[in-house]
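Values quoted throughout were computed directly from the atomic coordinates according to the rules given, and no laboratory measurement underlies them. Remember, it's a predicted structure, so these values are computed and weren't measured experimentally. Positions of Cβ are backbone-derived with ideal geometry, glycine not excepted, and every protein chain shown enters the neighbour counts.
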Amino acid sequence: MKIAVPIFNNQVSPRFDSARELIIVDAEDGNSAERKRIITIDLPCSEKIQMLVELKINTLLCGGIDKMCEQSLKHYGIQVKSWLSGDAETILTNYLLNYEKFNKTKLKRYRMGSNDYKTIGNKSITSFKII
Amino acid sequence: MAKDQNNSEYILNAIADGVFTVDPEWNITFFNNSAEIITGTKKTEAIGRKCFEVFRANICQSTCALRETIKSGKKIIDLPVNILNNKGQIIPISVSTSVLRDKGGNIIGGAETFRDLSIIELLKKELTSKYTYADIISKNHLIQDIIQILPDIAKSGSTVLIEGPSGSGKELFAKAIHNLSNRKGALIAMNCGALPDTLLESELFGYVKGAFSDAKQDKPGRFKLAEKGTIFFDEIGDISQALQLKLLRVLQEKEYEALGSTTTSKTDVRVIAATNKNLSDLVAKGDFREDLFYRLNVVKLELPPLSRRKEDIPFLVEHFILKFNALKGRNIRNISGHAMDMLMEYDFPGNIRELENIIEYAFILCFEKQIMSQHFPKEFLNNVKLKNTDEIPINSIIHQSEAKTILEILQKYNGNRVKTASHLGIDKTTLWRKMKKLGITFP
């Protein structure tokens, strides 16, 4: 699962549409995942959304976002966690830790109910019967 | 000293412009009442936070006006920018900035005043028709699906056919497509149903001097006026077979002749056509040329009637109140719950245009801050009432009768629940449950 965070001076950007930089992380790699930075200066909102779609981003952690942008992102299947503020790294770390914890719980619950857990990918885990 | 500060705060809180001040670390130190209203953030939440987290202007992350002022010491006056309020709405404002200094002349922060330009921008839009997809008010998934692809459609330059009932916003979509496109020419609208055939032809292609007895000089047609722009044909389903053929030639060959002219003019115009009829049906009946239909039907947008997007009614009402407040210099704030219920109940055969007319009518009769149902046109009220009497569900009749009986008996026993339940032959818990369900309070 890929996460994007628009940033401004290492804080979560106050506005998604005018954000000049994004951090991209793959949550499957846990909290140690490499933070890739992408410059988005002068990219209009529609092109930023297109970029997130092309980068196969699953979740956007952001500050303020206008309704139209939010609806567009949801239309493309991108989950939006908006109106966040503060240090971007702290928010991202907390999110990744929660994600990891949540996935471990799901995996543990699955292991208790089945012997064959090795084939489970994180994305398809919900398609299996979880006891 | 403290008294002076209180007086300043009192004055700053009384003015219509938003005002806030920051310390050198960009933490908000003062936030007046108007700033609360414009940004939607309470001063208790704003004070102590970074200004860019609260203000969310489009320039915060690039060319912050306050930073420039503090750096250079020069004031900035009436800079047009926009902010994002806490409802996720983009609000156009103008900002002015200045430096705050202590008695010794040292910089201790900055002050920013800002003015809400929403009404001015709305009026500008009404005058210039500079609509974009952001002006299309809808939460409906069918409209949202169209909005997502509108920029791509706009940039494609393809011919667009917009189908939808009268008043469903076909022209607004045409304007949005034109304004989102890269075409530099004008958008020229033409209502094909409004003019007789001969007049329509001369309007479309123009004429040269002497083409007919009243043609005293050359007159350019709409195609000429829309050169390098867009021509919007409304009610395209109403044009005659003869004109359909001429239009087909323009779409195929990109050329036409003005009336009475022997020379052929080339044209570079994007065509957007709209109709409230089903063109496929007209083709099947032989009333519309199949080849022209396929020429027009490159990209087809189908707009649903308002009755199929009722979730949009509250947003449209809010928009029209804002619009008529601006146009008529009024200050109506909202609409009563009952009046909104009536609007939600109605099917709007005239669609958004009819809703707009109802709100405009209410503005004539309403002198309070809130639009009530009595401010609506009589015809509308009669239609909603008729609908109500026609379609009261059976459950509702039973509930009304049940509520009436319970209330009468409760009153008879001065609100005594045990006696009322005993009289009705039910348990007192059942009575309490029924009262809760029917919304009955003790008399």
One quarter of the convex hull surface, Cα atoms only: what value does that give for region B:2-116 in nm²? 6.9 nm²
Of the DSSP H helices in chain B, those whose Cα atoms cover at least 24 Å axially and whose Kyte score averages -1.0 or more: B:394-412
Straight-line reach from B:LYS42: which aspartates and glutamates have a Cα under 14 Å away, not including same-chain ones fewer than 8 places off? B:GLU53
Taking Cα atoms of region B:126-304, Rg/Rh with Kirkwood Rh, to two decimals? 0.98
Give me Rg over Rh for the protein assembly as shown, both radii from the alpha carbons and Rh done the Kirkwood way, two decimal places. 1.05
Highest mean packing first, using Cβ neighbours within 10 angstrom, the peptides B:300-311, B:412-423 sort as B:300-311, B:412-423
Charges only on Cβ, +1 for Lys and Arg, -1 for Asp and Glu: so what's the dipole of chain B about the Cα centre, in debye to the nearest 20? 1120 debye
Tell me, what is the FRET efficiency for A:ASN31 and B:ASN27 to the nearest 0.05, using R0 = 41 angstrom and their Cβ-Cβ distance as r? 0.85
For a quick check, take a GNM of chain B with Cα springs below 10 Å and name the residue from B:ARG333, B:ARG295, B:ARG49 with the largest mean-square fluctuation. B:ARG49
What number, rounded to the nearest 500 deg cm²/dmol, is the helix-based mean residue ellipticity at 222 nm of chain B, given -39500 (n - 2.57) per DSSP H run of at least four residues and division by all its residues? -14000 deg cm²/dmol
At q = 0.14 Å⁻¹, what log₁₀ I(q)/I(0) does a Debye calculation on the Cα points of chain B give, no solvent, two decimals? -1.24
